[in-house]
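First the structure, in the form of structure tokens, and then the observations on it.
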Amino acid sequence: MKEQLSALIDGEFDVENAEHLIRSVKSGGELQECWQSYHLIGDAMRNEMVLSHDFSARVLSALGDEPTVLAPQPVVKPTIAKTSFFKTNQFWSVAASVAAVMFVGVMVLQQQLNSAEDSSPIEIANSMPLEYLEAHQAAAPSGAAYYIQNVNLTGAGQ
Amino acid sequence: MLKILSAILLATIGFAGFNSASFASEDAWLALQKAAFAARELNYQGIFVYQNGKQTRSVQITHMNNAGQELTRNMILDNQSVAGKPTSKQPREVFSQGSDIVIFHPKNDKVIIEKRRGQNLFPAMLPVNLNSLKTSYTAKIGVLDYIAGRQAQIIELIPKDAYRYSYKIWTDTEFGLLVKMTLQNEKNETLEQITFQELSMLNSHDLNWYQPSIDLSKKYEMEDATLLNRVHTNWIVAELPPGYVKVDHIEFMANGKTAPVNQMIFSDGIASVSLFIEPVVKGQRPKMGHHLIGSTHICANIVEGYQVMVVGEVPLATVQQIAKAVSFKKQTATR
């Protein structure tokens, strides 16, 4: 079933004979999870704004009794209704709330000025902040160290 | 026409006046320029090894320039064991399209999808515009060597001051591609090395390799909402070490933190330094001082109630100067 679903999403499975697949995707469970995984991977690879994890589930339930909507065009790579997500108000309200969160974050950042003079500084060598190392390696241009990322760094400098 | 000809003639005579050393330097920069383009324009596949201190990584790279669009897949081949337990057999895969990076990171019964931005990943370590490098380094032609069975020309990048390390760059004499690079400190000790072990040019234009290997027994998830946001705050670094410019400024929520972390990235064209700023949290002792991990220097400072952390594969003087030069500009008039 999973292989057939994979073929369906890749446009390599006869849509006419796919009704059983669509029915089992809609009934939930393992196959629905696969369906979501495929679309998550597809969105990530196509460099699109990836929406929340349960987004595809919500789309799925919203599709109601229209199995044909699920079926991708046979030859062309599937682009299931993706452009329309961005045109809906729902998308923009998501974007707006993200922006609001960031704005609040900045406010908090600025209000916490001068808020912590009560504890004495600690020597950095006694408490290595490895998360900074990782963030540096992940974002810095020409980071050869990029490939070391996510290794167990603890004790690396000793 | 005559004017142009005489101009060319004059230029040629002018060049002839240079001594051989400056010719050698011109040749060195030319080879580096060629390497910068070759890494982005050629289609190749190979395995390279990255070493930093005791850590080693083997990575299989496939790179294709598909009508101006750069596509790369990096598969990290030897996922080292973490805390004694072997990690998943499925390799970590890193896909990049231009500067957009998507990472498929197997973790137990899940695969975490991470999105990043990045550029100048191996072998495209050199910027296309070498002017920034020319202000901070001199380039020198070295000897010939062999890397992955291919002849390579060594070019040395020697820093003009103490704010950066030196680099050795091996370029393939046939294709111009960067095939090896090492980073040396002021004592000429090698800190990092990255080198091709196998390399071949691709003749096909098939893009089937540009897709992750999907393991349907695992659950795919986007990484926890690490919001990346490009920002313009009032943090300023009054006096950067010479040659360094700000190349990026992002803000993100780190795990377990209550306030976002500001991260600025500075680069002199090849070396890069990250500056992190976040409020000091009540009840937590802020950090001071500096430390060396592998080839990376870290320097901590406290500025106006904020924890400042500077990280980079650069000399201590560089991270220290940046850590000292951070200040908060309360004026917002420039915005």
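FYI, it's all coordinate maths here, none of it is from the lab. Since the model is a prediction, treat every value here as computed from it, not as a measurement. When we count neighbours, we look across all protein chains shown, and the Cβ atoms used for this are built from the backbone with ideal geometry, even at glycine.
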May I ask you to list the trypsin sites (Lys or Arg not before Pro) in region B:118-227 that are in a DSSP loop and have at most 12 other Cβ atoms within 10 Å of their Cβ?
B:187
How long are the semi-axes of the ellipsoid equivalent to region B:17-201, from square roots of 5 times the Cα gyration tensor eigenvalues, in whole Å, largest first?
31, 19, 15
Fewest Cβ neighbours within 10 Å first, please rank B:253, A:1 accordingly.
A:1, B:253
Nearby aspartates and glutamates by direct alpha-carbon distance to residue B:257 (threshold 20 angstrom, same-chain neighbours under 8 apart not counted):
A:117, A:118, A:131, A:134, B:114, B:223, B:224, B:278, B:304
Quick note on B:161, B:215, ordering by fewest other C-beta atoms within 10 Å, gives B:161, B:215
Shape category assigned to chain B from the gyration tensor of Cα positions, a/c cut at 1.5:
oblate
Yeah, region B:110-241 with a ≥ b ≥ c from its alpha-carbon gyration tensor (a/c under 1.5 is rounded, else prolate when a/b outruns b/c, oblate otherwise) is oblate
Zone reached by a paramagnetic label modelled 7 Å from residue B:26 Cα along Cα→Cβ, restricted to region B:124-160 with backbone N below 17 Å, covers B:139-141
Taking amide H positions as placed in the peptide plane 1.01 Å from N, state which residues far from residue B:307 in sequence (5 or more) or on other chains have amide H under 5 Å from it.
B:278, B:280
Counting other beta carbons within 10 Å of each residue's own, what order do A:131, A:123, B:189 fall into, fewest first?
B:189, A:123, A:131
Output wanted: per-residue J couplings in Hz (rounded whole) for region B:141-148, from phi through Karplus 6.51 cos²θ - 1.76 cosθ + 1.60, θ = phi - 60°, x for Gly and Pro.
6, x, 8, 8, 9, 10, 10, 6
Helical segments meeting 18 Å axial Cα length and Kyte-Doolittle -1.0 threshold in chain B (DSSP H)
B:2-17, B:20-41
Tell me, what is a quarter of the convex hull surface for the C-alpha atoms of region B:228-328, in nm² with one decimal?
6.5
At R0 = 30 Å, how high is the FRET efficiency between residue B:281 and residue B:99 if r is their beta carbon distance? Nearest 0.05 is fine.
0.35
Distant-in-sequence amide H partners of residue B:165 (H built 1.01 Å from N, under 5 Å):
none
Charges on Cβ only, +1 for Lys and Arg, -1 for Asp and Glu, centred on the Cα centroid of region B:17-201; of B:53, B:120, B:32, which one is farthest towards the dipole's positive end?
B:53
